[in-house]
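Below: the structure, in C-alpha cells.
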Amino acid sequence: MILRKLKWSMPVLFLLSVWLLPLFQPPADACTGILLRNADGTIVHGRTLEFGVVVEVTQAIVPRGYEFVGKVPGGAGMKYKAKYGCLGSYTFKDVAISDGMNEKGLAVGSFYFPTFAQYTNITDENRAKGLSPVDFPNWILTQFATIAEVRAAIEAGEAVVAPTVLEGWGPQPPPFHYVVLDKTGACIVIEPIDGKLKIFNNALGVLTNSPSFDWHMTNMRNYIALNPRNVPPVEVDGVKLQAFGQGSGMLGLPGDFTPPARFVRAAVFSATAIPSPNVDAGVLQVFHILNNFDIPVGVARETDKAGVVHTDYTQFTVARDPQNLRYYYKSYDDQTIRMVDLRKFDLNAKEVKKLSPRGAQTIVDMSAEAR
C-alpha cells in the first residue's frame, strides 16, 4: 500500500483521521441516476443501487385506493390512500415503494444522503403530515401526476419527513434525498436540509449521493473542458504530437467511485450520448451507460468494529419507461434484463402484487452451434 511506504508526522496523521472519519460510518450506498432524451421525443431514465450489505428488495404493484400509514417516531404519522396505481421496488418489510413509477408516468428514486440529511422533528402539530424517509417517495408516487403538483404540495407544507428508525436500516434513520421525474422530462431533486425540504430544478436528470445537489452542480464547472471529440494532433517546434488513441477529449474525467466523480461521469455520459431512435433502444442505452457505474465486489470496502468486511457493490440496475409504464431491472446475480408492465395489472384491485427480482444468471453454451 502507498500509505505504508510514506512516513507521516503526528499532526498530519491526526488531520487525516479527521478527514477520513466520515468514510468509516455504517455501510452506505453509492447509487447513480441518469435521464436520456430520445430522438423521437420520448424519455427514459434509470439508476443503480449499491450497498455494503444485502438489501432485501421486492418488486410490487400497488393498486389505487390502497391505504398507507406513515411511520414516525412515537407511532403513526400521515394516513393516506393511493390516488394512482404504481409499481417499483420496496426494501425490507414496509410496502412503501422507494424507487418506481406510477400510472401517470411520474417516477421517484431514493438516494443515500449521508451526513447531510436533516429531517423534521415530529410534534403534535405536524404528526398528521409525518412520513418516514422510506414513506416519502411512496406518498409522492401514489398522490401526484406531475412535477408541478409535487412542487406545489411540498411548498405548501403538506408533508414532513421525520427521523424515523426503520427495520433493516440500522440504528439510525436512513439518510435519503430524492429525484422526481415526470413523463415530460421535467425533473427535480428534493433534499431534507436544516429540517426542511429543499427543491432544486434538475435539468440534467442526474443524481448520486452527498454532498448536496447544488454543490455537485458547482463542481461541474471544473469539467467544462471535457469533450466527446478526440483532440487533433499538434505540432511543437516541428515535432508532431498525436494522441495515443480514442478518448483524448475526455482526458481528466474522474474515474473513482465517490459521489462527486460519479455525478460528473453520469452528467457527461448522458449529455454526450447520441440520442436513441425510440424508447426501446433508449432503455438499452440506459443499461449500457449505467454499466459504467457497476461497482464490483471488493473495490469499495470497509471493516466495522466487529471485524466484518462490508463491500459496496451494485446490487440492482433499473430503467424506467414512463411512456409505456414499463419498469426494467437486472441484479448482481442475474444480468438478464427483466421487465414489469404496469398496464397489464388491474389497478382497481384490492391487494398489492409482489415478486422477487432476484435470480440466477443463465450461461448459454453455444458450442453446438459452431459450423
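Of all the criteria given as (1) over 16 Å from the mean Cα position of the chain (by Cα); (2) at pLDDT 95 or above, the one not satisfied by Y112 is (1). Only one of (1) in a loop (DSSP other than H, G, I, E, B); (2) surrounded by 23 or more Cβ atoms within 10 Å (Cβ to Cβ); (3) in contact with a Lys or Arg (Cβ under 7 Å, 6 or more places away or on another chain); (4) of a type in the set (A, V, I, L, M, F, W, C) fails for A145. Which number is that? In the conditions (1) in a loop (DSSP other than H, G, I, E, B); (2) surrounded by 23 or more Cβ atoms within 10 Å (Cβ to Cβ); (3) in contact with a Lys or Arg (Cβ under 7 Å, 6 or more places away or on another chain); (4) of a type in the set (A, V, I, L, M, F, W, C), A145 misses (2) alone.
Could you run through the stretch 69-90 and say how many residues are closer than 26 Å to R358 by Cα and surrounded by fewer than 23 Cβ atoms within 10 Å (Cβ to Cβ)? Working first, answer last.
Just the residues of the stretch 69-90 that are closer than 26 Å to R358 by Cα, to begin with: 85-90.
So of that shortlist, the ones also surrounded by fewer than 23 Cβ atoms within 10 Å (Cβ to Cβ) come out as 89.
Residues that pass the stated criteria total 1.
Filtered by the rule that a residue be surrounded by fewer than 24 Cβ atoms within 10 Å (Cβ to Cβ) and either under 16 Å from the mean Cα position of the chain (by Cα) or without any contact (Cβ under 8 Å) to a residue 24 or more places away in the chain (or both), the stretch 117-140 gives A117, T123, D124, E125.
In the stretch 296-323, the qualifying residues are those that are of a type outside the set (A, V, I, L, M) and in contact with a Leu (Cβ under 9 Å, 6 or more places away or on another chain), and the one that is surrounded by the most Cβ atoms within 10 Å (Cβ to Cβ) is R320. Only one entry in M101, M78 is among the aliphatic types (A, V, I, L, M), more than 19 Å from E50 (Cβ to Cβ), more than 22 Å from the chain's Cα centre (by Cα) and not in a helix (DSSP H, G or I), namely M78.
Here's the yes/no breakdown for (1) in contact with a His (Cβ under 8 Å, 6 or more places away or on another chain); (2) of a type in the set (S, T, Y); (3) modelled with pLDDT of 95 or more; (4) assigned to a loop (DSSP other than H, G, I, E, B):
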site	(1), (2), (3), (4)
M1	no, no, no, yes
P11	no, no, no, no
P22	no, no, no, no
A39	no, no, yes, yes
V53	yes, no, no, yes
A60	no, no, yes, no
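When R229, R320, R221 are checked against the criterion of being among the basic types (K, R), touching a residue at least 60 places away in the same chain (Cβ under 8 Å) and within 30 Å of A39 (Cβ to Cβ), a single residue qualifies: R320.
Checking the conditions here, which among P163, P114 is farther than 25 Å from Y328 by Cβ, out of contact with any strand residue (DSSP E or B) (no Cβ under 9 Å at 6 or more places or on another chain) and in contact (Cβ under 8 Å) with a residue 24 or more places away in the chain? So that I can check it myself, show each step before the final result.
Details: P163 fails: out of contact with any strand residue (DSSP E or B) (no Cβ under 9 Å at 6 or more places or on another chain).
When all the criteria are applied, what remains is P114.
Listed here are the strands (runs of 3 or more DSSP E) enclosed by the stretch 150-220 that have at least 3 residues being buried (at least 23 other Cβ atoms within 10 Å of the Cβ): 176-181, 187-193. Residue-level check: of (1) closer than 18 Å to Y327 by Cβ; (2) surrounded by fewer than 18 Cβ atoms within 10 Å (Cβ to Cβ), K104 misses just (2).
The values are calculated or read from the model by the stated rules, or taken from the named source; none is laboratory data. Owing to the predicted nature of the structure, the values given are computational and were not obtained by experimental measurement. As a convention, Cβ positions derive from the backbone with ideal geometry for all residues, glycine included, and neighbour counts pool all protein chains shown.
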